Amino acid sequence: MVKDTPPRWDRRMQQRLARGEAAALGELYDRFASLVHSQAHRMLDDEDAADLVTREVFVQIWEDPEAYDPQQGSMRSWVARLAHRQSVRRLRGEAASSYEAEHGEGAVPDPEEVERRVRSATAAARADYIVSSMPAPLRRALELAYTQRRDYRQAAADLGVTEDEARRRLRLGLQLLSTANADPLEGAAPPGYGRAR
């Protein structure tokens, strides 16, 4: 397969959506709705807002399936980018609305504070995505170390691996997690987000 060629499933899905196949949208929804919802929920910290973002993303996909550009990554990456963009729009809108309610009609929030909130929410959503998609042995090692406060020796015993292997898993897990704070505007997006635009 050529490097820039999208997977066969992605190409077929885009063609089916372009033909207006409702079953294709249902299949896409079944495959990616939890990704969209969890990303939106992590960024917005609001179940109703996450539900709304999920609906908006799939409506957008249904209305314009040709917007998917295989050269920018997989369909999963595209759906994740749509969820991120819609969540950011909603986050910015909420910041403006709450600031206006607090400071009077027409008041505008500090753009730097809004962007700080957007970047913080984006990094948190990326961290969740990275942890949920890393291999189970790495995720389990991180959970033992950071949730259950085990050192690498205790983690090794709990995992049934050598101390060197436990340290390797923790190190690799932390390296993957460190990409969560990368600036998406500089093109350093983690797996699942495709290339930044």
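The values are calculated or read from the model by the stated rules, or taken from the named source; none is laboratory data. Remember, it's a predicted structure, so these values are computed and weren't measured experimentally. All Cβ positions, even for glycine, are placed from backbone atoms using ideal geometry, and neighbour counts span all protein chains on display. Quick note on the areas: whole protein, heavy atoms, side chains included, nothing else; ligands and nucleic acids left out. Shrake-Rupley method; radii C 1.70, N 1.55, O 1.52, S 1.80 Å.
Can you find even one residue in segment 59-72 that is farther than 18 Å from Ala125 by Cβ, open to solvent by less than 40 Å² (accessible area, probe 1.4 Å), β-branched (Val, Ile, Thr) and under 18 Å from the mean Cα position of the chain (by Cα)? Yes - at least one qualifying residue is present in segment 59-72.
Taking the listed residues Ala121, Ala127, the one that is touching a Ser or Thr at 6+ places or on another chain (Cβ under 8 Å), part of a helix (DSSP H, G or I) and not aromatic (Phe, Trp, Tyr) is Ala121, with no other qualifying. Taking the criterion of being open to solvent by 40 Å² or more (accessible area, probe 1.4 Å), assigned to a helix (DSSP H, G or I) and modelled with pLDDT under 90, the residues of segment 141-170 that qualify are Glu143, Tyr146, Thr147, Tyr152. Only residues that are buried (at least 18 other Cβ atoms within 10 Å of the Cβ) and farther than 12 Å from Asp128 by Cα were counted across segment 38-48, and they come to 1. Screening the candidates Leu52, Leu35 for the property of being part of a helix (DSSP H, G or I), over 19 Å from Ala127 (Cβ atoms) and of a type outside the set (S, T, N, Q) yields one hit, Leu52. Restricting the search to segment 55-78, which residues are touching a residue at least 60 places away in the same chain (Cβ under 8 Å) and of a type outside the set (Phe, Trp, Tyr)? Of everything in segment 55-78, those that are touching a residue at least 60 places away in the same chain (Cβ under 8 Å) and of a type outside the set (Phe, Trp, Tyr) turn out to be Pro70, Gln71, Gln72, Gly73, Ser74, Met75, Arg76, Ser77. Tell me, please, whether a residue that is open to solvent by 30 Å² or more (accessible area, probe 1.4 Å), at pLDDT 75 or above and under 24 Å from Ala80 (Cα atoms) can be found in segment 178-196. Yes - at least one qualifying residue is present in segment 178-196.
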